[in-house]
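Peer 1: Sharing a structure with you now.
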Amino acid sequence: MLDSLWKEAALAGESVTPSWEIFHESSKTGHYDGSLTNDQVVEEMSNLYDVFPYQQFPSIPLPISFSRIERSFMETVTNRVTPKEILPKTLTLEQLRTILYCGYGVTRDNKDNEYIRRPFRTVPSGGALYPLELYFYTNERVESLKAGLYHYSPVENAIQFIREGNFDEEIANSLVGFQTHLAYDTSLILFITAAFNRSTFKYKEKGYRFALFEAGHVAQNINLAATALELGVINIGGYHDRLVDRFLKIDGLNHATVYLNGICRGN
């Protein structure tokens, strides 16, 4: 009897529509979907951070200048590969600033724009809502930075020092399988997170899709910036979401990790 119940449960499970299919269908835009007015969007945006302030933590200004890049655009694109050998390299603050800026930096403000009140970034964003946040961890592999977790503030061109310490083992335990060594063998690990309500308040379920699109844009810019600097990038999707979110001290639902990138020595 018990055996037959397990078989029935297994068969029933196989017939259930996959959750990705349900989500994809429910996040399609319909002809009769309601939408907010421009004024309503502006009002809601005024209630949401464009970047988390972390004012209670020490702020470290980044250099104004960028690292010199010798490679052409085509050389950069064609040389973007996952490194065969992953080894750490101490980065300069200029290199760090260049990577962060290319990933999600501010290109120009919108002070005179009636409806788009947030400054534009280096990537496209649905409605210019910019739902993403960038964090990174380094274990004394960026010059003059202590080991610990940092947050990037594009508007201020600065980073906030959120938590000091060697967290190699904690991060290793949050990575899947053979990727655990990346916690020890990279110069830094970038965490791209999404505050979904910055996008979903306007675009509903499709706003979730837009946040993921945007994370891909950011990651590609990080890949190209690092490659142009003759550094390597490992794009990491194999991680235990809840452990990474816990490490970042975010709730994992309204604000969750969506992508990781490890920076290392280039080939």
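The values are calculated or read from the model by the stated rules, or taken from the named source; none is laboratory data. These numbers were taken from a predicted model, which means no experiment stands behind them. Here the Cβ positions follow ideal geometry from the backbone for every residue, glycine too, while neighbour counts run over all protein chains shown. Accessible surface is based on the protein model in full, side chains and every heavy atom, while ligands, DNA and RNA are left aside. Shrake-Rupley method; radii C 1.70, N 1.55, O 1.52, S 1.80 Å.
For every residue, the table says whether it meets (1) closer than 27 Å to Ile236 by Cα; (2) in contact with a Pro (Cβ under 7 Å, 6 or more places away or on another chain); (3) modelled with pLDDT of 85 or more.
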| residue | (1), (2), (3) |
| --- | --- |
| Ala10 | no, no, no |
| Glu21 | yes, no, yes |
| Ser59 | no, no, yes |
| Asn79 | yes, no, yes |
| Leu96 | yes, no, yes |
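Peer 1: Collect the residues in the stretch 80-100 that are more than 30 Å from Val155 (Cα to Cα) and surrounded by fewer than 15 Cβ atoms within 10 Å (Cβ to Cβ), keeping them in residue-number order. Reasoning before the result, please.
Peer 2: We begin by selecting, within the stretch 80-100, every residue more than 30 Å from Val155 (Cα to Cα); these are 81-87.
Residues satisfying the conditions are Val81, Thr82, Lys84, Glu85, Leu87.
Peer 1: Quickly run through the stretch 164-199 and pick out the residues that are open to solvent by less than 10 Å² (accessible area, probe 1.4 Å) and either assigned to a helix (DSSP H, G or I) or at positive phi (or both). Steps first, answer last, please.
Peer 2: Going through the stretch 164-199, the residues open to solvent by less than 10 Å² (accessible area, probe 1.4 Å) turn out to be 171-172, 174-175, 182-183, 186-195, 198-199.
Those that are open to solvent by less than 10 Å² (accessible area, probe 1.4 Å) and either assigned to a helix (DSSP H, G or I) or at positive phi (or both): Ile171, Ala172, Ser174, Leu182, Ala183, Arg198, Ser199.
Per-residue answers, yes or no, for (1) surrounded by 16 or more Cβ atoms within 10 Å (Cβ to Cβ); (2) modelled with pLDDT under 95; (3) assigned to a loop (DSSP other than H, G, I, E, B):
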residue	(1), (2), (3)
Cys102	yes, no, no
Glu114	no, yes, yes
Arg118	yes, yes, yes
Pro124	no, no, yes
Lys146	no, no, yes
Tyr150	yes, no, no
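Peer 1: Okay, moving on. Residues in the stretch 56-72: is at least one open to solvent by less than 70 Å² (accessible area, probe 1.4 Å), in contact with a His (Cβ under 8 Å, 6 or more places away or on another chain) and more than 26 Å from Lys204 (Cβ to Cβ)?
Peer 2: yes
Peer 1: Taking the stated definitions as given, is Ala211 under 17 Å from Phe73 (Cα atoms) and touching a Ser or Thr at 6+ places or on another chain (Cβ under 7 Å)?
Peer 2: Working: under 17 Å from Phe73 (Cα atoms): no; touching a Ser or Thr at 6+ places or on another chain (Cβ under 7 Å): yes.
So Ala211 fails the test.
Every residue, every condition in (1) surrounded by 20 or more Cβ atoms within 10 Å (Cβ to Cβ); (2) of a type in the set (Asp, Glu); (3) farther than 22 Å from Ile162 by Cβ, yes or no:
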| position | (1), (2), (3) |
| --- | --- |
| Phe213 | no, no, yes |
| Val244 | yes, no, no |
| Lys249 | no, no, no |
| His255 | no, no, no |
| Val258 | yes, no, no |
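Peer 1: Test Ser46 against the criterion of being open to solvent by 80 Å² or more (accessible area, probe 1.4 Å), on the phi < 0 side of the Ramachandran plot and within 23 Å of the chain's Cα centre (by Cα), and give yes or no. Show your work before the answer.
Peer 2: On the way: open to solvent by 80 Å² or more (accessible area, probe 1.4 Å): yes; on the phi < 0 side of the Ramachandran plot: yes; within 23 Å of the chain's Cα centre (by Cα): yes.
Here the answer is yes, as Ser46 does meet what is asked.
Condition check ((1) more than 29 Å from Asn139 (Cα to Cα); (2) more than 15 Å from the chain's Cα centre (by Cα)) across all residues:
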position	(1), (2)
Lys202	yes, yes
Arg209	yes, no
Gly216	no, no
Asn223	no, no
Thr227	no, yes
Glu230	no, yes
Ile234	no, no
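Peer 1: Which of the residues spanning the stretch 126-144 are of a type in the set (D, E, K, R), open to solvent by less than 40 Å² (accessible area, probe 1.4 Å) and either free of Cβ contacts under 8 Å to residues at least 12 places away in the same chain or not in a strand (DSSP E or B) (or both)?
Peer 2: First, the residues of the stretch 126-144 that are of a type in the set (D, E, K, R): 133, 140-141, 143.
If we keep only those that are open to solvent by less than 40 Å² (accessible area, probe 1.4 Å) as well, we get 133.
Once the filter is applied, which keeps residues that are of a type in the set (D, E, K, R), open to solvent by less than 40 Å² (accessible area, probe 1.4 Å) and either free of Cβ contacts under 8 Å to residues at least 12 places away in the same chain or not in a strand (DSSP E or B) (or both), the stretch 126-144 yields nothing.
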